Amino acid sequence: MNYKVITKYFFSAMAIVLFPLPAHSAEVEGIIFSDSYVAEDKTLILTGAGLLRYWGFKAYTGALYLEEGVSVDEVLSDTAKRIELEYFRSIKGKDFGFATDKSIAENVDGNTFKRLRAQIDYHNSLYEDVQPEDRYLLTYIPGRGTELALNGETKGLIKGANFAVAVFSIWLGSKPINKSFKRQILGL
C-alpha cells in the first residue's frame, strides 16, 4: 500500500471515531426520533415519522413504533406499539379530550364507544396543557394496558386491548385525524 491510501483510510477511520453518525433514524422539522424503544421486554422499532398540519399550521411531529416483526397491516392488532407526538404550539389539556372523543367516535361503532366511555373519560382526564417542544407518549403493551406519558412522566395507565385499538385509531384507524400523517407514520 502506498502512503496516500494508508493516509486516506486512517483519516476516514478517525472521522468515524471522532464524529460518529447520530444514533437516530428519523428527523422531522428538526425533531429527532430514536430508531427503537424498549417497553418492558418488548423492542419496538421505528416504523415511520411525519408532520401533522392543521389548517395549514404545523401542529406536531410524530413517530410510530411497532413491536419487532409486526407489519403495518397488524398495527391495530393486540401487539405492542407506541406513538410519540411533539408539539409546535400550546394546547390546553381540556382541548385534547374533545378531539379524542370525536376521533374515537369516528373509528369505532356506537356500542363500542359506549362500552369504552369510562376508559376514554379517564384517559381524557390525564391530559395536561402542552407547550411547544412538549412530547406526549402513548404506549400499549398487551396484558398491561395503554400508558399516557408527557415528557417521559407517566400520567396514567388504561387497561384493555379494545381501548388501545380505539385510541390508536385516532391516527391509524379507517378515519384517521389526518390521512397524510397516517401514511407518514406507517412508513408508506
Return a yes/no flag: does segment 118-125 have any residue that is open to solvent by 10 Å² or more (accessible area, probe 1.4 Å) and modelled with pLDDT under 95.
-> no
Residues satisfying the stated conditions in segment 83-117, i.e. of a type in the set (Val, Ile, Thr), farther than 16 Å from Lys159 by Cα and open to solvent by less than 40 Å² (accessible area, probe 1.4 Å) = Ile83, Thr100, Ile104, Val108
Restricting to strands (runs of 3 or more DSSP E) lying wholly in segment 31-119: which have 2 or more residues that are of a type in the set (S, T, N, Q) and in contact (Cβ under 8 Å) with a residue 12 or more places away in the chain?
-> 42-54
Counting only residues in segment 140-157 that are open to solvent by 10 Å² or more (accessible area, probe 1.4 Å) and within 21 Å of Ser71 (Cα to Cα), the one farthest from the chain's Cα centre (by Cα) is identified as Gly143
All positions within segment 158-182 that are within 28 Å of Gln131 (Cβ to Cβ) and open to solvent by 60 Å² or more (accessible area, probe 1.4 Å) | Ile177, Lys179
Considering segment 55-82, residues that are within 12 Å of Thr43 (Cβ to Cβ) and out of contact with any Phe, Trp or Tyr (no Cβ under 9 Å at 6 or more places or on another chain), and then whichever is least open to solvent (accessible area, probe 1.4 Å), we arrive at Leu66
Could you please give the count of residues in segment 159-188 that are assigned to a loop (DSSP other than H, G, I, E, B) and within 12 Å of the chain's Cα centre (by Cα)?
-> 1
In segment 27-46, what residues are under 12 Å from the mean Cα position of the chain (by Cα) and open to solvent by less than 40 Å² (accessible area, probe 1.4 Å)?
-> Phe33, Leu44, Leu46
Can you pull out the residues in segment 123-157 that are farther than 17 Å from Leu76 by Cα, part of a loop (DSSP other than H, G, I, E, B) and not aromatic (Phe, Trp, Tyr)?
-> Glu128, Asp129, Gln131, Pro132, Glu133, Asp134, Asn151, Gly152
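The values are calculated or read from the model by the stated rules, or taken from the named source; none is laboratory data. Keep in mind it's a predicted model, so treat the numbers as computed, not measured. Counting neighbours? That spans all protein chains shown, and the Cβs are built from the backbone with ideal geometry, glycine included. What goes into the accessible areas is simple: the full protein's heavy atoms, side chains included, and nothing from ligands, DNA or RNA. Shrake-Rupley method; radii C 1.70, N 1.55, O 1.52, S 1.80 Å.
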